[in-house]
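Structure, as structure tokens:
The values are calculated or read from the model by the stated rules, or taken from the named source; none is laboratory data. Model, not experiment: these values are computed from the prediction. Neighbour counts are summed over all protein chains in view; Cβ atoms, including those assigned to glycine, are modelled from backbone coordinates with ideal geometry.
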Amino acid sequence: MLERTNLGASYIIKAPTHEIERARGRLLIHFMHELHRQPTAPVIRTVLSLIDRPDSSLRLETFSNLDDPDQRANLEALRAQNEVFLLFYDEGLAHRLTKRVPRRYPQLLTRLLTQATVHRATIPDAVFDFDRAKAEVINATSL
């Protein structure tokens, strides 16, 4: 999940210890932000890929609801940052690893947020249902 921390907007990742160990050292980290214009809500899906071997990667996804003020603020903060931190926690919620990742192409997230806001304006409040829209995106996508 994306949360604001004393380091800025950071991804908080809960993972098994053996997966966290795979993330140590140098590896390729890729962020992909997608806007899904569902009939009941815009859904921003973020896929984070940590590629430690050519044939293997750890892929995680999170979903953002722009109608939630905290989630919108987190995305707005991320949009303005030059880097993002990944904070890894194990099964017992002990902090195990922090990774600093430079952010590339912040204008893409800016454009996505603008498009999501425009789409939200077309959905009546009586129809808005982020949970339903998110479930539809989960069913239509895969990691």
> Looking at Ile138, Ile44, which is the one that is more than 19 Å from Gly8 (Cα to Cα) and in contact with a His (Cβ under 8 Å, 6 or more places away or on another chain)?
Replying inline: Ile44
>> If I ask for residues that are touching a strand residue (DSSP E or B) at 6+ places or on another chain (Cβ under 8 Å), within 25 Å of Gln81 (Cα to Cα) and aliphatic (A, V, I, L, M), which ones from the stretch 114-136 would you list?
In response: Ala116
>> Condition first: more than 18 Å from Ile12 (Cβ to Cβ), assigned to a loop (DSSP other than H, G, I, E, B) and of a type outside the set (Val, Ile, Thr). Can you find one or more residues in the stretch 87-96 that meet it?
In response: no
>> Can you report the number of residues in the stretch 115-143 which are in a helix (DSSP H, G or I) and either at pLDDT below 95 or of a type in the set (Ser, Thr, Tyr) (or both)?
In response: 1
>> On the basis of being touching a strand residue (DSSP E or B) at 6+ places or on another chain (Cβ under 6 Å) and under 20 Å from Asp129 (Cα atoms), does Ile44 make the cut?
In response: yes
>> So in the stretch 80-98, with the set limited to residues that are surrounded by fewer than 17 Cβ atoms within 10 Å (Cβ to Cβ) and within 17 Å of the chain's Cα centre (by Cα), which one is nearest to Pro39 (Cα to Cα)?
In response: Ala80
> Looking at (1) farther than 30 Å from Ala121 by Cα; (2) modelled with pLDDT of 95 or more; (3) among the basic types (Lys, Arg), can you tell me which one Arg24 breaks?
Replying inline: (2)
> Mind checking whether some residue in the stretch 68-79 is closer than 24 Å to Ile20 by Cβ, free of Cβ contacts under 8 Å to residues at least 60 places away in the same chain and surrounded by fewer than 14 Cβ atoms within 10 Å (Cβ to Cβ)?
Replying inline: no
>> Within the stretch 27-61, take every residue that is of a type in the set (S, T, N, Q) and more than 14 Å from Glu136 (Cα to Cα) and give me the one that is modelled with the lowest pLDDT.
In response: Ser56
